[in-house]
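Have a look at the structure below, then the notes.
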Amino acid sequence: MAIRLLLFRGLSTYSRSSMGYLKEKVIYDMVSDTATKPTDEMFEIMKQASREDDVYHEDDSVVALERYVSELTGHEDGLFCASGTMTNQLCLRAHLTQPPHSVLLDARSHVYIHECGGLAYHSQANVTPVHAKNGIYMTAEEVANNIVGEDIHNSPTRVISIENTLNGLIMPIDEIAQISALARSRGIKMHVDGARLWNASQETGVSLKEYGQHFDSMSLCLSKGIGAPIGSILVGSRAFVAKCRHLRKLLGGGWRQAGSLAAVAHWCIENIMPSMPHTHQQAKRLAMSLEAFGCSLVYPCMTNQIWLDTTATGVSTKLLAEALAKHGIKISAGNGCTSRIVLHHQITDEAIDQFIATATALFKEYEGSKPLAITGSFNITAYATPSQ
Ligand SMILES: Cc1ncc(COP(=O)(O)O)c(C=O)c1O
């Protein structure tokens, strides 16, 4: 909590001095956990970083971050990159050497629907999207039933790509272990888009190393719940990471004096990650209050995301967003009656209280009104879902 207050103080100073141009003052941005703002304290960390050239891998802060995360995840090496899209696509490209080949994944995966068709563009790969029957995660049985085998007509499965968390949902470690054993028995590589694996690990108590042993490559975003300004890191074997480093240069992603970004990301892992369980508690408290008003949840709230459906209350998510904006709380106006709310370390308990008080007043005003006739909904397996 001390960290949370300290960071938030840094943020409000920043807001006052340099965000006056914004139309509405946003104090609490709940649109995404990518919305966290670098604080004054973070800029101080950045100043202390080394300032050498990462294309030649000569920067101490970058090397230290890569070593730190590869140790945390139990892998040999790491590569610090600009974005999660880049680390995902580099990993998949490095695994996928020669078409015809395909990637098996959950139909809602970021690598499939929110990375600009990168699998087709970079890797010439076909995709086998699996629609998880339980609505939460694809099971080992579903994976087994969808693996594309060797046949003259097929593009065989070469990689199974898992996302954890996916839409804030946690895939159980036992299921991952079963899928991994299956993959290994078939010579298939395992990749995880772990943009929010930090959240899964903090919520379940399963260490990053325990997760790590089941994957050949991992992509871990630093600019989401971890709160770093920029970056994502991939890990894998030494040879694999060397290949990704070469491919990163091909994409124009070799960056020079990246030390300040690495140093602050390192600091954020150590200082912000431990605050995730509190963020998850806040999300669950808010979700329960919203359910008590008659809202429903598209998915159970397991970590930091609330997938809200206000249809039964007669209040659109746009109305709710407008009411909250008056108190400095920003949520997505959503799609009719559905909106995704995402919490992070810069959301205080007071902001949650304010959210609940505002929603209480609004829902009371509309009490007794009919459920909205025209409802928007998440098309949960397609492009209409939030991308961040
Ligand atoms: C699950 C997931 N993976 C990957 C990414 C890509 O990250 P970036 O925006 O840094 O490219 C995102 C972005 O929101 C994401 O939510």
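See the values below:
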| quantity | calculated |
| --- | --- |
| For the chain, built as a Gaussian network whose Cα springs stay under 10 Å, the top-fluctuating residue of Ile352, Ile329, Ile152 | Ile152 |
| Added length on full extension, which subtracts the Cα-Cα distance from 0.36 nm per residue, His246 to Arg184 | 19.7 nm |
| Mean separation of Cα contacts under 8 Å, 6 or more apart, over the residue count of the chain: relative contact order % | 22 |
| Within segment 320-362: backbone nitrogen closer than 15 Å to the Ser296 label point (7 Å, Cα to C-beta) | 337-339 |
| Å² of accessible area per residue within the chain, as computed with a 1.4 Å probe and no ligands counted | 42 |
| GNM flexibility winner over the chain from Ala200, Ala323, Ala357 (Cα, springs under 10 Å) | Ala357 |
| Residue among Asp151, Asp33, Asp77 with the largest mean-square fluctuation in a Gaussian network model of the chain, springs linking Cα atoms under 10 Å | Asp151 |
| Debye intensity ratio I(q)/I(0), log10, the chain, q values 0.06, 0.11, 0.14 Å⁻¹ (C-alpha model) | -0.24, -0.80, -1.23 |
| Under 12 Å, Cβ to Cβ, from Asp53 - net charge with Lys/Arg +1 and Asp/Glu -1 | -3 |
| MRE, 222 nm, helices only [DSSP H, n ≥ 4, -39500 (n - 2.57), over the chain, to nearest 500] | -13000 deg cm²/dmol |
| Positive minus negative residues near Thr97 (Lys, Arg vs Asp, Glu; Cβ under 14 Å) | +3 |
| Neighbour net charge for Gln305 - beta-carbon separation under 9 angstrom, K R +1, D E -1 | +1 |
| Descending Cα extents along the principal axes, segment 159-295, whole Å | 53, 42, 24 |
| Accessible carbon and sulfur surface of the chain relative to its total accessible area, %, 1.4 Å | 53 |
| Antiparallel bridges, percent of DSSP beta bridges restricted to the chain (to nearest 5) | 50 |
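The values are calculated or read from the model by the stated rules, or taken from the named source; none is laboratory data. Only a predicted model underlies this, so the values are computations on that prediction, with no experimental measurement involved. Reconstructed Cβ throughout: ideal geometry from the backbone, glycine too, with neighbour counts over all protein chains shown. Heavy atoms of the whole protein, side chains included, go into the accessibility calculation; ligands, DNA and RNA do not. Shrake-Rupley method; radii C 1.70, N 1.55, O 1.52, S 1.80 Å.
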